[in-house]
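The structure under discussion appears below in the form of structure tokens.
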Amino acid sequence: MTYTWNITKLGLNDELNQDDVLLENAIVNLKWKRVLVDSDGNKASYVGNTKLYPQTTSAADFVAVNNVTAVQAIAWLEAEIGTAKTAVIDAELVKRLAKQEGREITPNW
């Protein structure tokens with residue numbers, strides 16, 4: 001089974017950091033989808049919304065929105081939600097995928 005993150009929307013806002021430096025178009029929100037695909041190509045997804053807090057980012061570490069990559073955004077997402085919540089999401093995806101599997105019965109006739 002393969003798990004992937006997809007960032008679907010970026011929420012932007014001008015934010016002052018802790019040094020009172022304006023961070024223009026800082027990413028303050030990530031809308032995302034976590035997708036599980038099994039070996040047969042069956043898919044299950046989980047949609048979420050995570051706030052980011054750029055106020056603690058120094059001007060030197062700030063990445064302008066046009067320079068942000070999917071890899072960076074996913075790293076920020078994973079850091080914000082943590083491994084415990086990711087595990088909960090993954091468990092829910094496994095349940096959703098299991099519900100999609102067909103069932104067989106032996107007819108009583």
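Readers should treat all values here as calculations from the given coordinates under stated rules, not as data from a laboratory. Every value quoted in this text rests on a predicted model; they were computed, and no experiment measured them. Please note: Cβ atoms are built from the backbone with ideal geometry, for glycine as well, and neighbour counts cover all protein chains shown.
Per the conditions (1) surrounded by 15 or more Cβ atoms within 10 Å (Cβ to Cβ); (2) in a strand (DSSP E or B), the sole criterion not satisfied by Ile74 is (2). Within the stretch 39-67, the set of residues being within 19 Å of the chain's Cα centre (by Cα) and in a loop (DSSP other than H, G, I, E, B) comprises Leu52, Tyr53, Val63.
Kindly indicate whether any position in the stretch 97-104 is free of Cβ contacts under 8 Å to residues at least 60 places away in the same chain, surrounded by 13 or more Cβ atoms within 10 Å (Cβ to Cβ), outside any loop (DSSP other than H, G, I, E, B) and not polar (S, T, N, Q). Scanning the stretch 97-104, I find no residue that is free of Cβ contacts under 8 Å to residues at least 60 places away in the same chain, surrounded by 13 or more Cβ atoms within 10 Å (Cβ to Cβ), outside any loop (DSSP other than H, G, I, E, B) and not polar (S, T, N, Q), so the answer is no. Selection of the stretch 48-74 for residues being under 25 Å from Arg96 (Cβ atoms) and either touching a Ser or Thr at 6+ places or on another chain (Cβ under 7 Å) or free of Cβ contacts under 8 Å to residues at least 24 places away in the same chain (or both) yields only Asn49. Annotation: of all residues in the stretch 47-70 being of a type outside the set (A, V, I, L, M, F, W, C) and touching a helix residue (DSSP H, G or I) at 6+ places or on another chain (Cβ under 8 Å), the one that is surrounded by the fewest Cβ atoms within 10 Å (Cβ to Cβ) is Lys51.
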